[in-house]
Amino acid sequence: MADHPEEHQKIIEAHEKAAHYFQHALQNHRAAAEHLKKGDHEKAAHHGYTAYGFASHAQKHAEEAALHHSHEHGHNEPLHAHEQPGAGQ
């Protein structure tokens, strides 16, 4: 990390933020499923929308991290098809 620590720090922070928000998305998706199993559609919907918001925000940080890696290594590698927003839907 001695070659350009400022750039590495940005990548680290982007990965950590992505992980943080993906973790919250995971917890809310699980809560939505549990509430739905119990028949509580209102709570399930609340957690479902919250999970979607966290996942969307996490995606922005994940993309930021990927682009930092790409920039750092001297190429602008495009995201692969399965990495594009909306892939696999």
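The values are calculated or read from the model by the stated rules, or taken from the named source; none is laboratory data. None of these values were measured; they are calculated from a predicted model. In this analysis, Cβ positions are derived from the backbone assuming ideal geometry, glycine residues included, and neighbour counts consider all displayed protein chains. These area figures cover heavy atoms from the full protein model, side chains too; ligands, DNA and RNA do not enter into them. Shrake-Rupley method; radii C 1.70, N 1.55, O 1.52, S 1.80 Å.
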| Going through segment 1-18 one residue at a time, which ones are in a helix (DSSP H, G or I) and loosely packed, with under 14 Cβ neighbours inside 10 Å? | P5, E6, Q9, E16
| field | One residue from H71, H57 being under 11 Å from the mean Cα position of the chain (by Cα) and either open to solvent by 80 Å² or more (accessible area, probe 1.4 Å) or modelled with pLDDT of 90 or more (or both) | value | H57
| Residue count, segment 15-70 (criterion: of a type in the set (G, A, S) and more than 26 Å from P5 (Cβ to Cβ)) | 12
| field | Test result for A62, within 15 Å of the chain's Cα centre (by Cα) and at pLDDT 95 or above | value | no
